[in-house]
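> Attaching a single structure in structure tokens format; questions to follow.
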Amino acid sequence: MKQPDEAALARQREGHRARLRERFLRGGLDSFPPYETVELMLSFLMPRRDMKPLAKHLMERFSTVSALLDAELPELEACGLSNRAAVFIRFLRSMITLYRTEKVSDRPLLQNNDEVAAFLQTKLGGLKKETLHVLYLDAGRRLLGTSEWAGTVNRAAVPPREIVERALLLRASSILLAHNHPSGDCRPSAADLQFTKEMLAAVDLFGIRLLDHIIITRNSCLSLLE
């Protein structure tokens with residue numbers, strides 16, 4: 001049996017990629033299994049290669065697209081991605097975070113709780129180190145600025161005074177705290193509860209309201225003040 005030549009294989013690959021693009025334009029990614037989502041993304045980076053085997057390998061390794069986007073460069077390169085493709089995946093995650101930030105920066109942040117949760121999970125859900133993220137808000141609950149500290153949430157790692165000073169500098173009317181639990185367990189620790197108590201007392205001295213302290217995991221979140 002005669003084997004197809006390289007030109008015929010190239011035409012087959014291009015036809016397959018064109019069909020993927022058409023499906024995406026018709027219905028978005030809802031009908032795509034995860035490996036096809038990754039395949040479509042990689043096809044823009046390496047248009048002359050069949051990306052299906054690599055896409056399937058990546059999904060076997062990372063299981064979900066979000067886990068792939070959260071992966072570090074060495075992990076991505078170890079799976080067969082070029083440095084250029086691995087950097088693009090990290091860039092794509094940062095673009096998603098920027099998109100979420102801009103979506104909430106010009107209107108009341110707490111107008112849509114689902115959007116706030118999505119923003120915080122994009123920002124913190126995939127991090128492998130516990131990180132506190134602080135949102136500073138004006139009287140209309142629009143975003144004025146943010147601060148971030150890496151490390152376990154306690155008074156030693158994150159002095160409440162620094163958060164209050166930043167809030168006063170920005171003339172914030174309220175703040176919202178969020179930190180991640182890389183373990184995936186949303187339950188608050190004793191340090192989480194103590195830190196929340198200290199922050200409530202610290203901001204109250206200056207007439208600033210603590211709207212919430214939210215614990216974030218990749219797939220869930222928990223409010224400590226509701």
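Every number here is computed from the coordinates shown, using simple stated rules; none is lab data. All values derive from a computational prediction rather than experimental measurement. Using ideal geometry, Cβ is built from the backbone for each residue, glycine included, and neighbour counts are taken over all protein chains shown.
> Restricting to DSSP loop positions (anything but H, G, I, E, B) with no more than 12 other Cβ atoms inside 10 Å of their own Cβ, which trypsin sites (Lys or Arg not before Pro) remain in the stretch 131-226?
Here the trypsin sites (Lys or Arg not before Pro) that fit, given the DSSP loop and packing criteria, are ARG171.
> For the stretch 6-96, count all C-alpha to C-alpha pairs, find those more than 18 Å apart, and express that count as a whole percent of the total.
For the stretch 6-96, the fraction of Cα-Cα distances above 18 Å is 44 percent.
> Please give the residues of the stretch 114-130, grouped as numeric ranges, whose backbone N is less than 15 Å from a label point set 7 Å along the Cα-to-Cβ vector of SER189.
Hits in the stretch 114-130 for SER189 at 15 Å: 128-130.
> Something else: Once you place label points 7 Å from the Cα toward the Cβ at LYS129 and ARG61, how far apart are they in nm?
2.3
> Let me ask something else about it. In 5 Å bins starting at 0, how do the alpha-carbon pair distances of the stretch 109-223 split up by percent?
For the stretch 109-223, the binned pair fractions read 2, 13, 25, 25, 21, 12, 3 percent.
> Between THR196, THR131, THR64, where does the largest GNM mean-square fluctuation fall for the chain, given springs only between Cα atoms within less than 10 Å?
Comparing THR196, THR131, THR64 in a Gaussian network model of the chain, the most mobile one is THR64.
> So if we plug the beta-carbon distance of VAL87 and ARG21 into 1/(1 + (r/R0)^6) with R0 = 25 Å, what FRET efficiency do we get, rounded to 0.05?
Rounded to the nearest 0.05, the efficiency is 0.60.
> What would the Debye formula give as log10 I(q)/I(0) at q = 0.09, 0.10 Å⁻¹ for the alpha-carbon point model of the chain, no solvent?
These q points yield log10 I(q)/I(0) values of -0.48, -0.57.
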